[in-house]
Every structure is written in structure tokens, then in C-alpha cells.
Amino acid sequence: MKTPKLPPTAAAILAAAATIGLLAAQQGPETIDLEAFPAQSIDEVVVPVPSEVFVVLDKLGNPNWRRELRGSLGKQTTNRAQVALLLGTVIAEGFVAVEAEDPERVKEIGRRVLSLSKAINVEKAVLERANSITDKAEAKDWQAVRKEFDGALQDVKGAMQELGDDELAQLVSVGGWIRGTEVLTSIVNKTFTADGAELLHQPALLEFFSDKLSGLSNRRLANDALVLDIRRMLDRIEPLIGDGDGAGITPEGVKRIHRLTGEMVGKITLQGT
Amino acid sequence: MKKLLAAALLLAAGTAAWAYVDDALSFAYEAATPYVKRGFNVREDAWGGDLGVQDKQAVKAQLFKGNEYWFCLGTDVKRAVLSVNVYDSKGQLVNAEATRPGQLTAVRIAPQRTGTYYAIVTILKSPEERTGWALVYAYKAK
């Protein structure tokens with residue numbers, strides 16, 4: 001997390017804004033034609049962190065987060081694609097452990113993030129984060145731990161990109177999304193509501209992941225069995241996430257998505273479901 | 001247009017291009033500071049780039065009903081005036097609250113539906129031909 005520091009100019013602007021009451025509506029048009037934007041003028045979607053969804057679930061009910069924690073964080077191989085995907089699932093598990101307010105589990109996950117990062121040569125990038133996760137978990141500063149997991153995800157991806165491993169970095173995001181969706185569907189399944197199910201309406205993310213995985217230039221990654229399985233899984237999930245407004249997500253659909261993501265997490269962690 | 005993570009690579013390459021993006025990012029974080037104090041979590045991921053005057057950039061975001069979001073935009077270019085407005089996937093404006101366009105500006109969204117949204121960044125005025133900008137977002141449950 002970058003530490004905010006107030007540049008003098010920014011301080012002056014904020015002070016002026018506060019003084020003369022600038023909180024007023026901007027002048028954006030009420031409607032725009034999104035089709036008018038050329039493709040190069042539309043940036044890629046930023047993948048949400050699991051807690052963006054989990055905090056909503058907390059408000060919708062009273063999930064038993066401890067029951068959502070996996071018994072094991074999974075096994076790693078020498079396959080870099082599997083390690084990247086596993087790292088994503090482990091970071092997502094960190095967000096679940098934060099919701100469960102389980103300091104020992106959080107610390108274990110912090111250590112595992114470090115060991116997995118070492119396996120793909122980005123250990124240095126997350127060493128400080130891992131230590132901070134441990135310190136803040138001991139202090140039970142859950143909001144700070146959540147930020148550290150968010151930061152760890154960005155640091156790992158940034159370090160991979162610096163090493164020229166952009167495509168591997170995407171797999172970390174994909175792994176995190178799959179585990180996050182498995183947990184989301186587990187909770188929504190337990191007490192189905194339309195509001196809960198609507199959280200699964202993520203067409204831009206599905207499209208983003210599908211495009212990234214189908215466009216992998218590294219042939220080894222493109223042909224990796226896990227990657228191929230994930231592509232098939234995304235294709236199966238796409239019709240289940242509701243219509244244009246997110247309506248029409250059924251209990252059966254949620255169960256199906258849970259089964260698909262759960263099976264995939266089992267494959268990634270080499271543990272079955 | 002690349003995200004800021006990609007811009008970080010420019011830093012590694014030692015190019016001057018990073019400097020303005022980095023400066024813009026610090027201003028975007030500054031724009032988010034008031035909302036951090038209100039309990040919002042600022043995402044570490046961000047978007048950014050540079051645009052000419054009256055140019056627009058759309059950035060796509062997955063937002064969840066039940067959360068509130070502040071999209072916070074900043075530039076290091078003095079006297080530049082930037083705006084950010086957020087639209088749903090049908091092109092309808094969904095701003096719930098906004099600060100005035102300026103060097104720092106922000107807009108609050110309380111999505112009525114979970115789905116895809118578009119934050120439109122516009123450089124309204126600038127003394128520079130190209131203006132570096134950065135956009136971050138913060139979230140919390142309503």
C-alpha cells in the first residue's frame with residue numbers, strides 16, 4: 001500500500017474545496033453511448049478483491065466464515081501455472097481467514113504466500129507484506145490485514161510482470177477469483193436470496209478472464225491442463241450468471257457454479273473437492 | 001492504454017514517463033484520503049495514463065450492489081481540470097455524489113445492480129498538451 005502523503009498543492013486544493021463547499025454535482029451527461037468509445041479507449045477491468053464481495057455478504061446475513069475455510073492450503077508442484085493459480089487461491093483464502101478473524105490461520109496463510117512466491121521468484125516482493133500480515137494478525141487489526149492481502153496480490157503480480165511473466169500474473173488473479181467464487185456460492189447456497197445471488201453477475205470479469213486465457217502466447221501455459229480446464233469452466237459458468245441486469249440467477253445455477261469452482265479449486269490444490 | 005501496473009514497468013526501465021504517472025497516482029490517493037477517514041478501503045490496483053485536452057478514457061469496473069464506492073482521480077499538472085463520471089452498462093449516469101472537476105476530483109457510486117460499470121475520465125482543461133492521470137477506487141459496505 002502506498003503511504004498517502006499530502007503534497008502542499010493537494011493540501012491547498014483540499015482546503016479550498018472544504019472552505020468554499022465544492023461538493024456539488026459534476027456536469028456529466030445523463031446518458032452516453034458506450035458503443036462510441038473506440039476499443040483502445042476502454043481500459044481493462046480491475047479484478048475485485050474477494051473482500052469487496054465478502055463485506056456485502058456480511059450485510060446480507062451472518063455467514064459462518066470459519067466453516068468456509070479450507071482444511072488445507074493445498075500442495076504445490078514444479079508446474080509454474082499450478083503454483084500461480086495456487087497462490088491466487090491462497091491469497092483468497094487469506095481474505096476468508098480475515099472474515100473469520102482467525103489469526104493463526106492468517107499467519108499460516110502469510111507464510112504460505114511467501115513460500116509460493118519463492119517458488120516463482122517473487123519472494124522479495126512480498127517479504128515485507130508477509131511479515132506485516134503476521135504482525136497485524138497478531139494485533140487483530142483485520143482491516144489492515146485485508147489491505148496487506150490486497151497489497152500482496154498487487155506486489156506479486158507487479159513483480160511477475162517485471163520478470164516478464166505477465167501471463168503467469170493473470171493466473172494468480174484467476175486462481176483468486178475461482179476460490180472467491182467458490183466461497184461466495186457456498187454462502188449464497190446456504191440462504192438463497194436474489195440479492196446474494198446477484199453478486200455472481202460478473203460478465204466483465206468472465207469475459208476478461210476468458211480473453212486472457214484464450215489469448216495466452218506462452219504455449220506451455222496455453223496448453224496447461226489446468227488452464228484448459230479453467231477455460232471450460234468459465235464457458236459453463238457464463239450462462240449461469242444472469243441476464244443483462246443480473247436477474248435470473250437461480251438456486252440451481254448457484255449450486256452449479258459452486259460445484260464447478262469447487263472442483264477447480266480441488267484440481268488447483270491437488271486435493272480434490 | 002495500460003493500467004498503472006504496466007506503467008510500473010516503465011519505472012523499472014528507468015524512463016521519464018513513470019514520473020508523471022507516479023505523481024498523478026499520489027494525487028489520486030490524495031483525492032481518496034477523505035474517504036479513507038470515513039472507513040473506505042482503497043484498492044491498491046489503479047488505472048492511469050495520459051490524455052489530451054477534451055480526450056476521454058473509459059475504465060471498466062465490476063461493482064457490487066450493497067457496496068459504496070468512491071472513484072478518485074488526480075493529476076500532478078497544476079491548473080488542469082479533470083472530471084470523472086460513472087455510467088452503468090446501459091450508459092446511464094449513476095453518480096450519487098461528486099466533487100467538482102479539478103486537479104483532484106471524486107465521485108461516489110452506490111450501485112443499484114451488481115455488474116459492469118464505466119468510469120469516464122475527461123481532461124476538461126490543461127496547460128499541458130498531454131496530462132497524466134491516475135484513478136483509484138475505494139469501497140465499503142453500505
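The values are calculated or read from the model by the stated rules, or taken from the named source; none is laboratory data. Since the structure is predicted, the reported quantities are computational estimates derived from the model, not experimental observations. All Cβ positions, even for glycine, are placed from backbone atoms using ideal geometry, and neighbour counts span all protein chains on display. With ligands, DNA and RNA removed, areas are computed over all heavy atoms of the protein, side chains included. Shrake-Rupley method; radii C 1.70, N 1.55, O 1.52, S 1.80 Å.
Looking at the range B:23-30, is at least one residue in a strand (DSSP E or B), open to solvent by 10 Å² or more (accessible area, probe 1.4 Å) and either modelled with pLDDT under 95 or more than 10 Å from every other protein chain (Cβ to nearest Cβ) (or both)?
Checking the range B:23-30: not a single residue is in a strand (DSSP E or B), open to solvent by 10 Å² or more (accessible area, probe 1.4 Å) and either modelled with pLDDT under 95 or more than 10 Å from every other protein chain (Cβ to nearest Cβ) (or both).
Do you know which residues across the range B:103-142 are assigned to a strand (DSSP E or B), surrounded by fewer than 22 Cβ atoms within 10 Å (Cβ to Cβ), out of contact with any Leu (no Cβ under 8 Å at 6 or more places or on another chain) and more than 9 Å from every other protein chain (Cβ to nearest Cβ)?
B:108, B:125
Considering only the range A:130-144, I want to know if a residue exists there that is under 17 Å from the mean Cα position of the chain (by Cα), within 13 Å of chain B (Cβ to nearest Cβ) and buried (at least 22 other Cβ atoms within 10 Å of the Cβ).
no
Any residue at all in the range A:207-222 that is under 25 Å from residue A:71 (Cβ atoms) and either part of a helix (DSSP H, G or I) or touching a Gly at 6+ places or on another chain (Cβ under 8 Å) (or both)?
The answer is no; no qualifying residue exists.
Just one of B:67, B:95 is facing chain A (nearest Cβ under 7 Å) and either open to solvent by 10 Å² or more (accessible area, probe 1.4 Å) or within 26 Å of residue B:22 (Cβ to Cβ) (or both); which is it?
One residue alone meets the criteria, B:95.
Taking residue A:158 as the residue in question, decide whether it is within 16 Å of residue A:68 (Cβ to Cβ) and open to solvent by 10 Å² or more (accessible area, probe 1.4 Å).
Criteria not met by residue A:158.
Regarding the range A:51-59, can at least one residue be identified that is touching a strand residue (DSSP E or B) at 6+ places or on another chain (Cβ under 9 Å) and open to solvent by 50 Å² or more (accessible area, probe 1.4 Å)?
The answer is yes; a qualifying residue exists.
Right, residue A:13: at pLDDT 95 or above, among the β-branched types (Val, Ile, Thr) and part of a helix (DSSP H, G or I) or not?
Considered against the rule, which asks whether it is at pLDDT 95 or above, among the β-branched types (Val, Ile, Thr) and part of a helix (DSSP H, G or I), residue A:13 comes out as no.
Given the criterion surrounded by 13 or more Cβ atoms within 10 Å (Cβ to Cβ) and either within 30 Å of residue A:264 (Cβ to Cβ) or at pLDDT below 95 (or both), identify the matching residue among A:38, A:63.
A:63
Just a yes or no: is a residue in the range A:178-199 at the interface with chain B (Cβ under 10 Å from one of its Cβ atoms), in a helix (DSSP H, G or I), more than 27 Å from residue A:42 (Cα to Cα) and open to solvent by 40 Å² or more (accessible area, probe 1.4 Å)?
For the range A:178-199, residues at the interface with chain B (Cβ under 10 Å from one of its Cβ atoms), in a helix (DSSP H, G or I), more than 27 Å from residue A:42 (Cα to Cα) and open to solvent by 40 Å² or more (accessible area, probe 1.4 Å): present.
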